[in-house]
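The values are calculated or read from the model by the stated rules, or taken from the named source; none is laboratory data. Worth saying up front: this structure is predicted, and the values here are computed from it rather than measured. Please note: Cβ atoms are built from the backbone with ideal geometry, for glycine as well, and neighbour counts cover all protein chains shown. All accessible areas refer to the heavy atoms of the entire protein, side chains included, with ligands and DNA or RNA removed. Shrake-Rupley method; radii C 1.70, N 1.55, O 1.52, S 1.80 Å.
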Amino acid sequence: MRTAISPTIYTLGPEGTNCATAAQWWLDSREERNATQRIVLHETLEQAFDELSGKQDGYLLSCAAYPDLHTLIFTRLGDMELCDSFIMPTHSMVLASRTSADQIKSVATHPAPQSLVASHYRKVFANSNADAAVLCSTGQADACVTTVVAADLHELNIIEDFGQVPMAFLVHSLKRADHAKA
């Protein structure tokens with residue numbers, strides 16, 4: 001039996017993002033058995049779209065809570081279009097740390113969930129929730145708001161669990177030449 005190759009999904013990384021999990025769910029929900037699936041993770045969705053645009057071999061998966069999603073969409077109206085959407089729960093969002101809770105002075109966070117950071121902490125902004133865990137694990141912040149998956153991956157201590165968030169995910173495709181002319 002021959003293995004089919006499915007389109008590539010370009011989305012937000014690094015490993016442990018809600019977008020990466022949503023991309024896998026989307027592929028699993030629509031692909032045939034024996035399909036080779038490929039998810040490519042990027043620092044930003046803008047970089048992910050740029051690679052998709054160059055390779056023209058798949059889709060961009062975004063999260064509705066992504067900061068400046070409107071800018072990503074409206075600056076690329078001639079090149080991309082929304083082709084699917086779905087709602088699924090995120091991983092549990094957590095406050096995690098490499099130190100004890102009483103030693104936290106700074107918290108790495110993606111801009112989207114920054115309201116989960118207490119006002120007395122200094123915020124260190126990250127490109128994604130999983131990137132916040134990287135910043136924390138490398139000492140660039142004392143704690144982070146991240147996914148439970150990324151916290152576990154980087155062996156961080158979970159201080160508070162905010163739970164899962166029902167989230168909309170959007171799948172964008174490149175406009176085909178015949179659609180662009182119409």
Check your understanding: Dividing the convex hull volume of the alpha carbon atoms of segment 64-182 by its residue count, what do you get in Å³ per residue?
Key -> 109
Revision key, fill the gap. Of ALA118, ALA141, ALA96, the most mobile residue in a GNM of the chain (C-alpha springs, cutoff 10 Å) is ALA118
Exercise for review: Counting other Cβ atoms within 10 Å, keep those with at most 14, restrict to DSSP loop, and tell me which trypsin sites (Lys or Arg not before Pro) in segment 93-182 are left.
Suggested key: LYS105, ARG176
Practice item. Name the residue, out of GLN140, GLN103, GLN24, whose mean-square fluctuation peaks in a Gaussian network model built on the chain with Cα pairs under 10 Å. Key: GLN103
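Which order do you get for ILE73, ILE159, ILE9, ILE87 if you rank them by accessible area with a 1.4 Å probe, largest at the top?
ILE87, ILE159, ILE73, ILE9
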Exercise for review: Rank SER97, SER119, SER53 by mean-square fluctuation in a GNM of the chain with C-alpha springs under 10 angstrom and give only the top-ranked residue.
Suggested key: SER119
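Taking every DSSP beta bridge with both residues inside segment 72-147, roughly what % is antiparallel (nearest 5)?
45
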Point to revise | Folded to 0 to 90 degrees: helix 45-55 orientation relative to the chain principal axis, Cα | key: 30
Check your understanding: How about LYS175: which lysines have a C-alpha closer than 19 Å to its C-alpha, ignoring those fewer than 8 places off in the same chain?
Key -> LYS55
Study note, to complete from the structure: Correct response: the longest run of the chain lacking exposed GluC sites (Glu not before Pro), defined by DSSP loop and at most 10 other Cβ within 10 Å, is 33-154
Point to revise | Share, in percent, of DSSP beta bridges within segment 31-182 that are antiparallel, nearest 5 | key: 80
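Rounded, prolate or oblate: which fits segment 33-121 when a ≥ b ≥ c are the square roots of the eigenvalues of the alpha-carbon gyration tensor, with rounded for a/c under 1.5 and prolate only if a/b beats b/c? Please report the intermediate quantities before stating the final value.
Numbers: a/c = 2.50, a/b = 1.88, b/c = 1.33.
It comes out prolate by the Cα gyration axes.
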Revision key, fill the gap. Relative contact order of the chain (C-alpha contacts under 8 Å, at least 6 apart) in percent is 29
Check your understanding: Given only helices, namely DSSP H runs of n ≥ 4 each adding -39500 (n - 2.57), what is the per-residue ellipticity at 222 nm of the chain, to the nearest 500 deg cm²/dmol?
Key -> -7500 deg cm²/dmol
Check your understanding: Cysteines without a disulfide-compatible partner in the chain, using Cβ under 4.7 Å as the rule?
Key -> CYS19, CYS63, CYS83
